[in-house]
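Just so it is clear, none of the values below were taken in a lab; they were calculated from the coordinates. Source: prediction; values computed, not measured. Cβ atoms come from the backbone with ideal geometry, glycine included; neighbour counts cover every protein chain shown.
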Amino acid sequence: MRNVGIIGIGYTPVFVSKRKDVNIVEMIGEAVDAAFRNTNLTPDDIDALTFGNMQTFEGLNLPHLWAADHISALDKPTIRISTGGTTGMSTLQAAYYQVASGLYDVVMAVTWEKQSEGDSQVGLAGIVMPEAMVMIQSGMDLFGGRGMGGMGGGSTGAASYQATSYLHHSGASPEHIDKMAALERTNASKNPYAHLRKVTTVEDIQATPFISWPLRYGHTCPTSDGATVAIVASEEKAAKLADNAAWITGVACCASDPTTANFIEGQITDPAEQRPARIAAEKAFAMAGIKNPKKEIDMAELYNGFAHQSLMWLEKLGLCKEGEAHKLLDKGALDIDGELPTNASGGVFSTNAIGASAMNRPAECALQIMRKIEGEHQIPKKVKNALAHGWGGLFQYVTVMILSDEPRKAK
Amino acid sequence: MTFEMGPETRQVQGTWDVTTYKYKIDGGGMKLLCDAMKEKKIRGIRCNECGTVYVPGPTFCRKCHVDIDEMVEVEDSGEVGTFAVEMADMRGNPTEKERVSAQIKLDGADTWLGGTIEGIDWKEVKIGMKVKAVWVDNPEGKLSDIDHFEPL
Amino acid sequence: MDRKVAIVGQAQTKHSEDIGMPRERMLFELAKGLFGQLGITRHDIDTFVLCSNDFQTGRTISNVFEDTPVGAYMKDETKVEADGVWAVTYAATRIMSGIYDTALVVANSLGGSEFRPYLIMDYQLNPTYDRQLGLINELSAAAFQARSYMDKYGMTDAQLDMIASRLLRNAAKNPNALQSKADATPEYIAGSEYLYEPLRKLHCYPFTDGACALLLASAEKAKELTDSPVWIKGMGDSLESYYLGERELFRSRSSKLAAERAYRMAGISNPAGQIDVAEVSAKFAHQEPIICEALGLFPEGSGGEVAEKGLSEIGGEMPVCPSGGGLGAYPFSAAGAICVAECFRQLTGGAGDAQVANAGTAVAHGQDGFCAQHSAVMVFSREEG
């Protein structure tokens, strides 16, 4: 199997609520330019592109077609990927396969979202518009919520259900969610590319009201405008073109059934079970030759739209035992200078340009491995293996990538 | 490193009217359920290969990838699978009273149904607690025929 | 190609104006049918590559409800949001990487009954300028392209009618086509109303509900599953400028570069001589000569002559779209995958009355964007090589 490495990352200068100074294609162009600057490459070095975002959020269909002239994609093979919240990583995985297949040697993966140009609530609610219609017609009081009614969980929806179930099964307390939230926002304050960057204490989080217990306002992620670009290359090209690379050694994804609002077809899954996480992680570890992830994984970047999810994913992905994550948190093991730094970037919880969010995870891992972090959240210890995780759909999709400081050895 | 946002660029309004779409949904399982509720009963579909009981029933089993149509009746009581306590509405305004909404696994079914729980302080609600449906007096064959769930 | 990949099976819906069932049911029956045909279950599929469009489906993350019907529950799955041909090339690269041995591609849309494809194309327009001006839409852009080709090379309306009538006659031999007429004549085409001069209704693709499923496999797996695998010999892809004014609409630069890349991989130096049959995604009759010429199948500007002499007929020297092509059926997102499926039928001798004799090498083409701004080309052969 051909080895593929990330040789460079480009971010938009900031991730903020509203970029009113640029339109969509200009914004994406900023990240593409940054990637070229950071790698000293030019468009001629790029063989092909992959491109992804959640397009209905901007009301723009197949945006790569408009963006072509603005991202140096003219006359280049291009493929568009779109898988909901996991889009960022799915797009990077597509770039990985373009190189691993031998078809191309250097591929640029472009991911982004400009949610200020759309209505995310509509975009998200639109996933289940027809199902919601049927439920209403069948007498369900969707938002008033009595009886067998309600999307339930209030405006945080199934995330609250997931949090309650997770707390019950893990033994963690609601205060642990507050603690994880404070840790990640404080991490984000060190990251110039994060959106919410205020140093945050547990008290700050607890001062926010509950929306749907156990989740508070302070536990939810922002919506951001921004773009993230990664350039991947084969081993030979990486040696020629780059001084350093973060090697993609494990790649996996898994899809469950749509576990929220699947009422019409029967929901058989606990939203906190997330079996695809275990399936995908095991596959990625095997591919990367990682036999003891609890020891061998040095850092994790997890897709956490809600603060409790960092703790949940650590367990579901096998980075710690079930019920152990909150104990690691209490010990300080999840801090940037701990044994298992988790979301040193602040995670999706601090920055969420949805189409790019699942790409920011491997991007941050790559920058950590290559020690090219701009900002003060560089993990002090050596990072040999990192786990990047993506999540999306109706609580159903999980993608996992393992990045390492060395390519896989031929068997 | 500081970034200064430049002057605002041109902006225009637009819409995406989702209601102009003509969707097709399989409502068979919902109809089976709603018809049953008129009789204060709950019915779903069972997969003969793996035994999974879906309420409402889809037309095929997602595990076995086969057509399924065996109708089964399940209990109107079960266990709390998970729950949340609504304290603010969609806009963020605090609600008058906390409302417990839950996902309940009815006895005999493998699926979780949404419902509200009343008759108990929200702080006493536990996962695994047994609850029972409280029906309206005159069911009409709608999901609202179950008014709420109460602890058993 | 280091690791060889073959297509081992295909299935299509009977494409319709209204498929008459929910999308999920359509996909379940399609996937189940293909599995049954090949004697496999969903557990034999290593990876699923879905292809559909959020704006067509009317909801974001269009694949959330497509996974369980195609058998992807608890499986490796991803989604391409482009024409189906890109799902096929992506699936092929997944197998070529050595990580997977089998890949199922399922591409679908309900462009007939759910939402009009022309409106979906409107959402592809630059929202701050082109959408506001309201001059460009799929029909007007296609009409520019038709006029551009016809003026440059002198192709007449009557010759355009000949292309369309040939395609409808071919479609009558295709059990899956939505629209066809066994005895279609150019006069029949000319009798349909103008939608946007010079394009009449019967020069344009019909609004179609439809889906296509394809199973790809590595060489070892392919030989286990079938006696007649169809080998992927070459793949190519290219993207032109979004801005119509920057393009020469009488040619298809994206198709030309895509074809060159695919042919190089496949070792094809004389496409007209070495390709036995072509299935191209022409959404409008005039796009067929533009694309075929870009693919090197006919000389530039020869569209009129090709039509007059019947060179692209099923029995002609370079058969094009024996399936009836885009005029027989065109489900958005699935069309290019259908071209691949039709190449499969031809090369396995399964094309019935539309069979091109001794078809050994075929080329498929898919497109996205206005006037095929984005194109991909695949070359197939019966020979493993």
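Annotations for the structure displayed:
- Placing a label point 7 Å from the Cα of A:MET129 along the Cα-to-Cβ line, the residues of segment C:58-77 whose backbone N sits under 19 Å from it are C:58-66.
- For a modelled paramagnetic label at C:LYS201, 7 Å from Cα along Cα-to-Cβ, the residues of segment C:329-351 in reach, with backbone nitrogen under 17 Å, are C:329-330.
- Annotation: amide H-H contacts under 5 Å for B:ILE104 (H modelled 1.01 Å from N, sequence separation of 5 or more, or interchain): B:GLY81, B:LEU113, B:GLY114, B:GLY115.
- 3J(HN,Hα) from dihedral phi, segment B:137-152, Karplus parametrisation 6.51/-1.76/1.60, rounded to Hz, x for glycine, proline: 5, 10, x, 10, x, 9, 5, 7, 5, 8, 6, 6, 10, 10, x, 7
- Averaging the Cα positions of each part gives two centres, and for segment B:91-152 and segment A:351-411 these lie 41 Å apart.
- Chain B: most fluctuating residue of B:GLY28, B:GLY57, B:GLY14 per GNM, C-alpha cutoff 10 Å: B:GLY14
- Chain C: projected area of the alpha-carbon convex hull, averaged over directions, in nm²: 17.0 nm²
- Highest-first arrangement of C:280-289, B:102-111, where packing means the average Cβ count within 10 Å: C:280-289, B:102-111
- Sequence-distant residues sharing a close amide H with B:TRP135 (under 5 Å, placed H): B:ASP147
- Exercise: per-residue mean of other protein chain Cβ atoms within 10 Å, C:338-347: 0
- Interatomic Cα distance distribution for chain A, bins of 10 angstrom, percent: 5, 24, 34, 25, 10, 2, 0
- Each listed q (0.06, 0.08, 0.10 Å⁻¹) maps to a log10 I(q)/I(0) for the protein assembly as shown, found by the Debye formula over equal Cα scatterers with no solvent: -0.40, -0.72, -1.13.
- The GNM of chain C, with springs linking C-alpha atoms under 10 angstrom apart, assigns the highest mean-square fluctuation among C:ASN63, C:ASN358, C:ASN170 to C:ASN358.
- As a calculated quantity, the FRET efficiency between A:ASP243 and B:LYS97 at R0 = 60 Å, using C-beta atoms, amounts to about 0.45.
- Most fluctuating residue given options C:ASP183, C:ASP101, C:ASP157, as computed from a GNM of chain C linking Cα atoms under 10 Å: C:ASP183
- Counting only cysteine Cβ atoms and a cutoff under 4.7 Å, chain B contains unmatched residues B:CYS34, B:CYS50.
- Summary of packing: across the peptides A:248-257, C:225-234, the per-residue average of other C-beta atoms within 10 Å ranks them, highest first, as A:248-257, C:225-234.
- Compactness index (Cα Rg / 2.2 N^0.38 Å), segment C:111-268: 1.29
- D (Stokes-Einstein, µm²/s), Kirkwood Cα radius, segment B:25-151, 0.890 mPa s at 25 °C: 158 µm²/s
- Residues whose placed amide H lies under 5 Å from that of A:VAL22, excluding near-sequence neighbours: B:THR9
- Counting all C-alpha pairs of segment C:127-219, share separated by more than 23 Å (%): 41 percent
- In order along segment A:159-164, phi translates into HN-Hα couplings of 4, 5, 4, 5, 5, 4 Hz, rounded to whole numbers, per the Karplus curve 6.51 cos²θ - 1.76 cosθ + 1.60 with θ = phi - 60° and x for Gly and Pro.
- Taking 25 Å as the straight-line reach from the Cα of B:LYS40, the lysines in range (excluding those fewer than 8 positions away in the same chain) are B:LYS31, B:LYS105, B:LYS130, B:LYS132, B:LYS142.
- Relative contact order (%) - criterion: Cα under 8 Å, at least six apart; region: chain B: 20 percent
- Calculated FRET efficiency for the pair C:GLU300/C:ALA182, C-beta based, R₀ 35 Å, to 0.05: 0.60
- Cα centroid of segment C:133-210 to Cα centroid of segment C:312-385, whole Å: 18 Å
- When peptides A:40-47, C:116-123 are sorted by average Cβ neighbour count within 10 Å, with the highest value leading, the order is C:116-123, A:40-47.
- Working note: Karplus 6.51/-1.76/1.60 with θ = phi - 60° gives segment C:129-145 the couplings 10, 4, 5, 5, 5, x, 8, 8, 8, 4, 5, 5, 5, 5, 5, 4, 5 Hz, where Gly and Pro are set to x.
- Neighbouring partner chain Cβ atoms per residue of C:81-87, average, 10 Å criterion: 5
- For the residues of B:105-111, the average number of beta carbons from a partner chain within 10 Å of their own beta carbon is 2.
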